[in-house]
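Below: the structure, in structure tokens.
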Amino acid sequence: MTFADPLLLVVGLAVAGALAWAVAAAGRRRAAALTAAGVMAGAAAGGHAARRGARLTGVWLTIGGVAVLSVAIAGPSATVPVSHASGTVILAMDVSGSMAATDVAPSRLAAAKQAALSFIKAQPGTVDIGVIAFQQGGLEEAVPSADHARAAAAISRLTPGGGTSLGDAILASLSAITRRTVTVGRDGSAPDIGYWPSATVVLFSDGQDESGATGGGADPAEAAAAVAEKAGVHVDTVGVGTAAGTTVDVGGYHVFTALSAATLESIAQATGGAYHPASDASELDGVASSINLRLTVTNEPLPLAGVFIALALALLAAGAALTVIRTGRVV
């Protein structure tokens, strides 16, 4: 238990202690005087002591009430663990040229944006949401914030164009979570970025990854997923597109593109996340309800002043009542 103003507690307890000392001292003086006068002898002494003890009960209850009240005015509080859905969610949006494909109506990107906006609306205010739009390299659109309108506005502005690097998307998402640049060594070694179990990345993509392996043979997406897994960050992937695929006009060329579910499943599995297939817009609309954010436990202060005030009032009332009953006086 902690106190907002320990000085008030010390002063209050000192007052209660002084009152207790005064009552005890007065009792000793009275007993000594009665003994000297020869009043307290035999059975009379026992009866007098019983009556006096009954009278003092009210006094001690009153002093106890003062002591408890001193605890109350000092602002006591206890720290208790509280569970709630909180943390950070990064929506990593693939805006590569292939996301302009129309095998998911009206287009892959439009359907993904609709699902992402539904996801944002479904989240409680305790969840900070950020947005990463990625082509070749990650582009941070909105840092994680409790201002969900800002994230929604960033989603609405997205347009397709460029290539895709799933590895860079994951690293950019981790950078947004940790608020520092996260990179992977040329040999694919995973850096230590701490542990972020309350953070989740939701990656919307068709799985087309143009980054390829590095010179050392390490796959960028796998290396980035290893960093996320080490940091306790789940990456949930949402596949946007169809296995049958379609052609799309990229830079004046007709390019065939299809959903690469295996790539997205691999990323999700490596990080402890889940893959969510979405072959049409209606399935994408259900993504928000299918992704379970983890509960976090935080220690929050619980004010206890009210409890101590109630106890103090009870003691003071009991003391006053006994004083009136035994002596016929309030004081």
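Looking at Thr327, Thr271, can you tell me which residue is modelled with pLDDT of 90 or more and in contact with a helix residue (DSSP H, G or I) (Cβ under 7 Å, 6 or more places away or on another chain)?
Thr271
Please specify each residue of region 243-257 satisfying the condition of being surrounded by 13 or more Cβ atoms within 10 Å (Cβ to Cβ) and out of contact with any helix residue (DSSP H, G or I) (no Cβ under 9 Å at 6 or more places or on another chain).
Gly245, Thr246, Thr247
Taking interchain pairs and intrachain pairs at least six residues apart, which have beta carbon atoms under 8 angstrom, with the first residue in region 266-280 and in the same structural domain as Ala111 (by TED's automatic domain parsing) and the second of a type in the set (Lys, Arg) and at pLDDT 90 or above?
none
Condition check: surrounded by fewer than 22 Cβ atoms within 10 Å (Cβ to Cβ) and either closer than 30 Å to Ala305 by Cα or assigned by TED's automatic domain parsing to the domain that holds Ala320 (or both). Does Gly125 satisfy that?
Yes; evaluated as a whole, the condition is true for this residue.
Against the condition at pLDDT below 80 and either of a type outside the set (Phe, Trp, Tyr) or surrounded by 13 or more Cβ atoms within 10 Å (Cβ to Cβ) (or both), how does Gly64 come out, does it pass?
Judged against the criteria, Gly64 is not a match.
Can you work out which of the residues in region 75-95 that are in a strand (DSSP E or B) and of a type in the set (Gly, Ala, Ser) is surrounded by the most Cβ atoms within 10 Å (Cβ to Cβ)?
Ala92
Please find, within region 96-121, the residue that is modelled with the highest pLDDT out of those that are outside any helix (DSSP H, G or I) and either touching a His at 6+ places or on another chain (Cβ under 6 Å) or crowded, with 23+ Cβ neighbours inside 10 Å (or both).
Selected residue: Ala101.
Can you name the residue in region 199-211 that is among the charged types (D, E, K, R) and modelled with pLDDT under 90 and, of all such residues, is nearest to Thr178 (Cα to Cα)?
The selected residue is Asp209.
Which condition breaks for Val184 when tested against (1) closer than 14 Å to Val89 by Cα; (2) outside any strand (DSSP E or B)?
Of the numbered conditions (1) closer than 14 Å to Val89 by Cα; (2) outside any strand (DSSP E or B), the odd one out for Val184 is (1).
So, of the residues in region 173-198 that are at pLDDT 80 or above and among the hydroxyl-bearing types (Ser, Thr, Tyr), which turns out to be surrounded by the most Cβ atoms within 10 Å (Cβ to Cβ)?
Going through the qualifying residues, I end up with Ser173.
Please verify whether region 289-311 includes one or more residues that are modelled with pLDDT of 75 or more, among the aromatic types (Phe, Trp, Tyr) and not in a strand (DSSP E or B).
Within region 289-311, one or more residues are modelled with pLDDT of 75 or more, among the aromatic types (Phe, Trp, Tyr) and not in a strand (DSSP E or B).
The values are calculated or read from the model by the stated rules, or taken from the named source; none is laboratory data. All values reported here derive from a predicted model rather than from experimental measurement. Glycine also receives a Cβ, built like all others from the backbone with ideal geometry; neighbour counts cover every protein chain displayed.
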